[in-house]
Amino acid sequence: MRLHALGARTALAGRDRDALTRISAACGGAPARTFDAWDLEACARTADWAAAELGGLDAVVVCVGVAAFGPAADLGEDVAEHLMAVNALAPMAFLRAACAHVGAGGVLAAVTGVVAEAAPAGMADYAAAKAALATWLTAVRRERRRDGVTVLEIDLPHVATGFARRAVAGRAPALPAGMPLQEAVDAITEALSCAARRVRPAPGGGLETLR
């Protein structure tokens, strides 16, 4: 909604049909489409759909994910596969398809998280998936630099969205108060507008934008 308020034409995608309907209405009837992140072909088709709806793409922002908690030895292989698919392969599929539509001056962006570097105990597979996505973004940034395309990694700390309570396995440990969602939105919006390569936690608190 922030991008719409700033004058951007948006296409929306997610798994919650009711939320999409509500946000679409708030964005002036923006086109919306449901998908499941574990369906990689659906992810790629959704990027193509958005380009067709809007007549091209200037920026694609992917924010999908699911967490699991507990010792790695206790995590079933089905859960481990699901974590890798949703947290790494789905964003990759979105952005891989978007590469055909985003040209010079455009942005490819995805949310990773501080777990990609911190690798906390009890979150091995979740952290590994986010680290895989971070590495992929770094490589694609190098590939697309000469094309004038910015690749943005959005490296967020714990944000107060209730995400940790929706884990597919285990229970989240005690967590500090999450960053207000609006603060994260402000930082992401700024980064999209200034060809930044990374948003990350700042040493003194809050978020910083690296160009």
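Bear in mind these aren't lab numbers, they're just calculated from the coordinates by the rules spelled out. Please read all numbers here as calculations on a predicted model, not as lab measurements. All Cβ positions, even for glycine, are placed from backbone atoms using ideal geometry, and neighbour counts span all protein chains on display.
From the Cα gyration tensor of the range 113-203, with a ≥ b ≥ c the square roots of its eigenvalues, which class applies: rounded if a/c is under 1.5, or else prolate if a/b is larger than b/c, or else oblate? Oblate. Among 170-177, 145-152, the peptide with the highest mean count of other Cβ atoms within 10 Å heads the list, and the full ranking is 145-152, 170-177.
Listed values (1) 1.33; (2) 1.40; (3) 0.99 include one computed from this model; for Cα Rg over 2.2 N^0.38 Å that value carries the label (3). As a proxy for reagent exposure, ranking 53, 41 by other Cβ atoms within 10 Å from fewest up yields 41, 53.
DSSP finds beta bridges in the range 56-210, and of those with both partners inside it, around 20 percent are antiparallel. To the nearest ten degrees, helix 124-144 and the longest principal axis of the Cα atoms of the chain are 30 degrees apart.
For the range 56-210, relative contact order (Cα pairs under 8 Å, six or more residues apart, normalised by length) works out to 26 percent.
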